[in-house]
Amino acid sequence: MSPSEPAALCEVHDHIAVVTLNRPDALNAVNSALSAAAGAALERAAADPEVRVVVITGAGRGFCAGADLEEIAAGRSVYDPDHREWDFAGIVRHWIGKPVIAAVNGFALGGGTEIVLAADLAVIDENAALGLPEVRRGLLAAAGGLLRIHRQVPAKIAAEIVFTGESISAARAYELGLVNKVAPAGTALAVAVELAGVIAANAPVSVQQSKKVLHESAASDTGWSPGEWEVNRAAAKVVLSSADAKEGPRAFTAKREPRWTGR
């Protein structure tokens, strides 16, 4: 990405908005510029009457490598300063009334998986993987991962994913119901756009009201309610103020094993 290019792109064709996370040299790791650009793109898509479905994907060989740990290690925010309420990547708490499809074209651990969990549907490249490895960095899957994973897979599987931090293959993600389709290598975006086209051919009001009912008729806590996010915020405050939260990103940046203190 050249300095003049935005950290997220948006193109609209045939009633489908494709939002592309655009920091390919960093595997689309999220910094404040990406959060601002992606959040703004999602907001424009939500407001555009011509857009019926949104697809989120990544530029280059990665979908999203999660938070930019170098930014965190340097003490810099990875959020949009003007829209902190949209949270990580400008996406995970950015509700829109139109269907959102994640096109997982590559590396998608941590915050990348949390974007997938926030999406309504997901298509994953057969060579890609999901996972919540935050515990391996002394951090917390606080961008909705802990609020949503146990609603999308069985509770004990969710606990294994969270506590081990191990990655999940595309085939296993499909088996668990975390994704709708596994695409041949290099075709996740094309398959996601094809799926979006099927949805976009339907009546927009019907689809949008169906999304509303699906979410509002689910269990009272669905990963979107303010109460859930307050519990999440309190846990994140404890974790992120710990010495281990500083050690994890530093060890990652220095390419060494972390030395945990449990404090």
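The values are calculated or read from the model by the stated rules, or taken from the named source; none is laboratory data. Computed from a predicted structure; not experimentally measured. Methodologically, a virtual Cβ is constructed for each residue, glycine included, from the backbone with ideal geometry; neighbour enumeration extends over all protein chains shown.
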Exercise for review: Output the number of residues of segment 241-263 satisfying the condition of being at pLDDT 80 or above and either of a type in the set (Gly, Ala, Ser) or not in a loop (DSSP other than H, G, I, E, B) (or both).
Suggested key: 14
Review point. Counting only residues that are among the hydrophobic types (A, V, I, L, M, F, W, C) and free of Cβ contacts under 8 Å to residues at least 60 places away in the same chain, which one in segment 9-25 is nearest to residue 105 (Cα to Cα)?
Key: 19
Practice item. Report, by residue number, each residue of segment 8-51 that is small (Gly, Ala, Ser), surrounded by fewer than 23 Cβ atoms within 10 Å (Cβ to Cβ) and within 23 Å of residue 188 (Cα to Cα). Key: 26, 46
Review point. So which residues in segment 90-107 are within 8 Å of the chain's Cα centre (by Cα) and farther than 16 Å from residue 17 by Cα?
Key: 92
Point to revise | Failed criterion for residue 166 (all others in (1) touching a residue at least 60 places away in the same chain (Cβ under 8 Å); (2) closer than 22 Å to residue 136 by Cα; (3) touching a Pro at 6+ places or on another chain (Cβ under 9 Å) hold) | key: (1)
Review point. For segment 63-78, does any single residue satisfy the condition of being of a type in the set (Lys, Arg), closer than 16 Å to residue 236 by Cα and touching a residue at least 24 places away in the same chain (Cβ under 8 Å)?
Key: no
Exercise for review: Scan segment 223-230 and give yes if some residue there is in contact (Cβ under 8 Å) with a residue 12 or more places away in the chain, over 28 Å from residue 50 (Cα atoms) and in a helix (DSSP H, G or I), otherwise no.
Suggested key: yes
Practice item. Determine the pairs where a residue that is farther than 9 Å from residue 103 by Cα, located within segment 185-196, has a partner that is β-branched (Val, Ile, Thr) and not in a helix (DSSP H, G or I) with Cβ atoms under 7 Å apart, the partner being 6 or more residues away or on another chain. Key: 195/101; 195/123; 196/16; 196/53; 196/55; 196/101
Check your understanding: From the list 123, 100, 116, which one is within 19 Å of residue 228 (Cα to Cα) and in contact (Cβ under 8 Å) with a residue 40 or more places away in the chain?
Key -> 116
**Study point:** Test: residue 194 is over 28 Å from residue 61 (Cα atoms), assigned to a helix (DSSP H, G or I) and at pLDDT 80 or above
**Key:** no
Check your understanding: Of the residues that sit in segment 56-70 and are farther than 19 Å from residue 5 by Cα and more than 12 Å from the chain's Cα centre (by Cα), which one is surrounded by the fewest Cβ atoms within 10 Å (Cβ to Cβ)?
Key -> 70
Point to revise | Single unsatisfied condition, residue 238 versus (1) closer than 25 Å to residue 88 by Cβ; (2) in contact (Cβ under 8 Å) with a residue 24 or more places away in the chain; (3) not in a loop (DSSP other than H, G, I, E, B) | key: (2)
Check your understanding: Taking the stated definitions as given, is residue 69 more than 17 Å from residue 144 (Cα to Cα), among the aliphatic types (A, V, I, L, M) and in contact with a helix residue (DSSP H, G or I) (Cβ under 6 Å, 6 or more places away or on another chain)?
Key -> yes
